[in-house]
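Undergrad: After the structure tokens below, expect a handful of questions from me.
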Amino acid sequence: MPSPACTLRPLRRVPALMMLALALAGCGGVTAVTLEDLAFDTEAHEGEEVRTVGRVVEFSQADGALERHLVIEDAAQNRVRLLPIDDAEPFIGAFVEVTGTFVFDPTRGRTLQLTEIGEARAGY
């Protein structure tokens, strides 16, 4: 049973993105973020355990990529690479909720080392 501090309660007049962040927020050190947060504030989230939502998209050499890789992407095409590929592969094309450790490398870009992945619940 979640502690009272972890229980979500209905709120009034809360912007949609705040509601999304609250819905994704969990207790225990996982930070709910948007893909835009990860794209534009990488240093703030480096090494952090994060949870976010988006669609899994595949890129290959046929698309001009140097190597095949999977990303999670939002409507604005903010992207974060997902590893390991084997965990994300069954979800290509699906709207998912992911949890993992965020890492930024100047040569490899933004990566999420997955600890959880699953189809996003209705309402996202």
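The values are calculated or read from the model by the stated rules, or taken from the named source; none is laboratory data. Everything numeric here is computed off the predicted structure, so don't read it as measured data. Note that each Cβ is placed from the backbone with ideal geometry, even for glycine, and that neighbours are counted across all protein chains shown.
Undergrad: What pairs come out if I take residues in region 75-89 that are under 23 Å from residue 40 (Cβ atoms) and in contact (Cβ under 8 Å) with a residue 12 or more places away in the chain and pair them with residues that are among the polar types (S, T, N, Q) and not in a loop (DSSP other than H, G, I, E, B) whose C-beta lies under 9 Å away, six or more apart or interchain?
TA: Every condition considered, the pairs that remain are 80/52; 80/111; 81/111; 82/111; 82/113; 83/111; 83/113.
Undergrad: Residue pairs, Cβ under 6 Å, 6 or more apart or interchain, first in region 103-114 and closer than 12 Å to residue 43 by Cβ, second surrounded by fewer than 18 Cβ atoms within 10 Å (Cβ to Cβ). List them.
TA: Qualifying pairs under 6 Å: 104/42; 104/46; 110/104.
Undergrad: Follow-up question, since we're still on this one. Please count how many residues of region 94-109 are modelled with pLDDT of 95 or more and not aliphatic (A, V, I, L, M).
TA: Selection size over region 94-109: 6.
Undergrad: So which residues in region 49-85 are among the acidic types (Asp, Glu), at pLDDT below 95 and either in contact with a Cys (Cβ under 7 Å, 6 or more places away or on another chain) or not in a strand (DSSP E or B) (or both)?
TA: Hits for region 49-85 are 63, 67.
Undergrad: May I ask you to list the residues in region 87-124 that are over 18 Å from residue 32 (Cβ atoms) and outside any strand (DSSP E or B)?
TA: Listed by number, the residues that qualify are 87, 88, 89, 90, 91, 93, 94, 106, 107, 108.
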